[in-house]
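Comments concern the structure below.
Just so it is clear, none of the values below were taken in a lab; they were calculated from the coordinates. These numbers come from a predicted model, not from an experiment. Note that each Cβ is placed from the backbone with ideal geometry, even for glycine, and that neighbours are counted across all protein chains shown.
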Amino acid sequence: MNDVTPDALRGHLDALLLSVLEHEPLHGYAIIEALSERSGGALNVPTGTVYPALRRLERTGEVTSEWATVGGRRRRTYRLTPAGRRRLEGERTAWRAFAAAIGSVLEPRVRPSQAG
């Protein structure tokens, strides 16, 4: 599978980060690994993109962070807030509508009156 370009991620990164944090708090590198793993290796998001986005989500109250010791190292761990969960659900609803609209254009169904 090809890597997803940064342009393709524009507008979707926050939703992806919120989704990765949905079930458990993670530190930054674990978030990057989860994005890659869950996308079958297609998402290789650099730290220089992920950390500013996490800070932005923290400023908006959708994520909180705290220092924790992970594997013997101190790391900032990020956790989804109730506001983040609400936004994630909204992002999922919007994504489904977007994907359905794009899919109906890219893969149109042939109507019986158009066949033959």
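Tell me yes or no: at least one residue of region 23-30 is in a loop (DSSP other than H, G, I, E, B), in contact with a strand residue (DSSP E or B) (Cβ under 8 Å, 6 or more places away or on another chain) and either of a type in the set (Asp, Glu) or surrounded by 13 or more Cβ atoms within 10 Å (Cβ to Cβ) (or both). It would help to see each step written out before you state the result.
Going through region 23-30, the residues in a loop (DSSP other than H, G, I, E, B) turn out to be 23-25.
From what's left, in contact with a strand residue (DSSP E or B) (Cβ under 8 Å, 6 or more places away or on another chain): 25.
Okay, now just the ones that are also either of a type in the set (Asp, Glu) or surrounded by 13 or more Cβ atoms within 10 Å (Cβ to Cβ) (or both), so 25.
Looking through region 23-30, at least one residue is in a loop (DSSP other than H, G, I, E, B), in contact with a strand residue (DSSP E or B) (Cβ under 8 Å, 6 or more places away or on another chain) and either of a type in the set (Asp, Glu) or surrounded by 13 or more Cβ atoms within 10 Å (Cβ to Cβ) (or both).
Exactly one condition in (1) of a type outside the set (Val, Ile, Thr); (2) touching a Gly at 6+ places or on another chain (Cβ under 9 Å); (3) surrounded by 14 or more Cβ atoms within 10 Å (Cβ to Cβ) is not met by residue 80; state its number.
(2)
Any chance region 61-78 includes a residue that's in contact (Cβ under 8 Å) with a residue 24 or more places away in the chain and part of a helix (DSSP H, G or I)?
No, region 61-78 contains no residue that is in contact (Cβ under 8 Å) with a residue 24 or more places away in the chain and part of a helix (DSSP H, G or I).
Going by what's in this entry, would residue 57 be described as surrounded by 15 or more Cβ atoms within 10 Å (Cβ to Cβ), under 22 Å from residue 9 (Cα atoms) and out of contact with any Asp or Glu (no Cβ under 7 Å at 6 or more places or on another chain)? Before you say what the answer is, go through the steps one by one.
Working: surrounded by 15 or more Cβ atoms within 10 Å (Cβ to Cβ): yes; under 22 Å from residue 9 (Cα atoms): yes; out of contact with any Asp or Glu (no Cβ under 7 Å at 6 or more places or on another chain): no.
So residue 57 does not fit the description; no.
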